[in-house]
Amino acid sequence: AVVPNLVHAVHIGGSKLPTVACLSLLTAAVLWNPTALVLHVDKVPPSSASLECVRKFATLEVHRARAAPAPGGRTSASASRPRGSFVPLRPEHMSDILRLEILIKRGGVYLDADAFAVQPLGKLRRYEFSMGFERSGQSKLNNGLMLSAPDAPFAKLLRASYNSWSGGGWDEQSCVVPFKLATQQPSSVHVENYPEPRWPTGRKRPGPFGVSSYNTVILRGHMREAYGPVIAAHLPAFTHSPAFNKRRLARGDAHFILLNALSRMAVAPSRLHALAGHPSPGGELCDAVLFLTKELLRTGHLAPVREDLPAQLSPLFPADLPDCANATALLGL
């Protein structure tokens, strides 16, 4: 494998961590067992149950505030202090820059807070750089999920593209530009989901590097089938308001993603690198599972229907521990 067994996440702005950030890192810890998970921040988020949950699996690393592009399209945006006259950047755009710099320096897997491990990475770590294709108005490569070797040429190309960026737009620079660059340098990037998988009806369905828009048709009772080929699922806007994600909340996607990870555990908690420093790895895992289950239910995420529950949880899942037993009972297992 050329991609290091590392997982990175980024949280910019110092706001409270969303609950799904812990769900994201838990799935990565359990299914990919990386040697390290790192949450990169510019400010330590305020104390919360979500932050406590994240700290079970990841270390926090504080970076300097992002620099911003200068008027007229010239930029020196980097991890160093800004030079010259700059316009403000949105936290999302600061995150776009930081995640590329991290991948160039260290390599590994980058996950947005609303991106989740579904199956082992397998062959994806053999490619020097990987992104997933999506079409939502324009053809894009979604930067919420990326795999990279250190100093990967395509990662450097993406980072260099910010030097001529005007600083405007939402995802033009972070998703549309990567697709355009991939068409110019196809040998430097591996693209999953191209062409996009479709249901027989013609509607989009999740692909192996699953970029799934909030209105992708996954019927309640058929999530195991729909997510079957997915290696990593990115559910954009999963951290938005409940009204925006009404269909997902009703289907039980978040609980499905959690239970799927627990059903596919390949190593015991004591052998998970993310929990290696804890005196009771099983207890820490169960504490996180119970927190996520309760918090997701409290915020309107319904439990999956019987057809969407795993046939059984992994025998390595410590179901006999009280917190794990309480969590699975809440979900009908």
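The values are calculated or read from the model by the stated rules, or taken from the named source; none is laboratory data. Bear in mind the structure is a predicted one, so any value in this text is a computation, not a measurement. We place every Cβ from the backbone using ideal geometry, glycine too, and count neighbours over all the protein chains shown. Accessible surface areas use protein heavy atoms only, side chains included; no ligands, DNA or RNA. Shrake-Rupley method; radii C 1.70, N 1.55, O 1.52, S 1.80 Å.
Figures for the structure shown
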quantity	calculated
Counted residues, segment 138-187 - those being touching a Pro at 6+ places or on another chain (Cβ under 7 Å) and either aliphatic (A, V, I, L, M) or within 24 Å of GLY207 (Cβ to Cβ) (or both)	4
Residues satisfying the stated conditions in segment 283-305, i.e. assigned to a helix (DSSP H, G or I) and either among the hydrophobic types (A, V, I, L, M, F, W, C) or without any contact (Cβ under 8 Å) to a residue 40 or more places away in the chain (or both)	LEU285, CYS286, ALA288, VAL289, LEU290, PHE291, LEU292, THR293, LYS294, LEU296, LEU297, ARG298
Residues that are surrounded by fewer than 16 Cβ atoms within 10 Å (Cβ to Cβ) and either assigned to a helix (DSSP H, G or I) or not acidic (Asp, Glu) (or both), drawn from segment 306-323	ARG306, GLU307, ALA311, GLN312, PRO315, PRO322
Criterion violated by TYR110 - all others in (1) surrounded by 16 or more Cβ atoms within 10 Å (Cβ to Cβ); (2) at positive phi; (3) at pLDDT 95 or above satisfied	(2)
Selected residue (only one of SER280, SER270 is open to solvent by 20 Å² or more (accessible area, probe 1.4 Å), under 24 Å from LEU17 (Cβ atoms), touching a Pro at 6+ places or on another chain (Cβ under 9 Å) and among the hydroxyl-bearing types (Ser, Thr, Tyr))	SER280
Index of the failed condition, LEU272 passing every other in (1) closer than 17 Å to ALA117 by Cα; (2) at pLDDT below 80	(2)
Subset of segment 248-301 (residues that are more than 20 Å from ALA49 (Cβ to Cβ) and among the β-branched types (Val, Ile, Thr))	VAL267
Residues satisfying the stated conditions in segment 18-49, i.e. outside any helix (DSSP H, G or I), under 17 Å from TYR110 (Cα atoms) and either open to solvent by less than 20 Å² (accessible area, probe 1.4 Å) or of a type in the set (Phe, Trp, Tyr) (or both)	PRO34, LEU37, VAL38, LEU39, HIS40, VAL41
Extreme residue, nearest to VAL7 (Cα to Cα), among residues of segment 105-118 that are of a type outside the set (Val, Ile, Thr) and part of a loop (DSSP other than H, G, I, E, B)	GLY107
Residue within segment 191-203 that is in contact with a helix residue (DSSP H, G or I) (Cβ under 8 Å, 6 or more places away or on another chain) and of a type outside the set (D, E, K, R) present	yes
Given (1) of a type in the set (Gly, Ala, Ser); (2) crowded, with 19+ Cβ neighbours inside 10 Å; (3) at pLDDT below 95, number of the condition GLY14 does not satisfy	(2)
